[in-house]
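This report refers to the structure that appears directly beneath it.
Please treat every number below as a calculation from the coordinates, not as lab data. All figures in this text were calculated on a predicted structure; none of them were measured in a lab.
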Amino acid sequence: MVPARLVVRVALTVVGGMAALACGFADVFRPAGPEAVTITYVGDTILHRDSTVPFSVVVDARGTLLDRPHLTMWSSDTSVFDLTAGRDSLVAKSSISTARRMIRLQSSILTDSAPTLAQSIKVRP
């Protein structure tokens with residue numbers, strides 16, 4: 001017959017191990033490296049000349065949406081479109097053409113290099 005103390009010790013060890021795994025203890029031993037980050041532009045890609053169009057950006061880091069990510073945004077050609085001062089809308093200029101909207105996530109914690117999105121934006125009459 002197995003002594004009762006041995007059974008209790010084994011049971012406590014099993015329960016403790018399960019609790020440690022459930023609390024994310026395994027992540028402590030996960031190798032360091034960059035996280036998978038996805039940047040998504042949500043807005044119109046075809047603008048009408050001399051218009052202002054709002055947009056948003058969604059940043060997903062390993063399945064978790066980031067709230068208020070630190071983004072750097074710019075236009076590849078400011079004669080086609082530019083950002084408003086609040087950086088939440090695009091202002092289409094008089095030039096009828098295509099330019100790229102660049103979005104870069106600034107985070108040294110999530111990645112080893114800055115993930116960047118280049119979204120093509122067209123301005124039509």
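Key figures
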item: Cα pair count fraction exceeding 15 Å, expressed as % - the range 42-125; result: 57
item: Using θ = phi - 60° and Karplus 6.51 cos²θ - 1.76 cosθ + 1.60, couplings along the range 3-17 (whole Hz; Gly, Pro as x); result: x, 5, 4, 5, 5, 5, 4, 5, 4, 5, 5, 5, 5, x, x
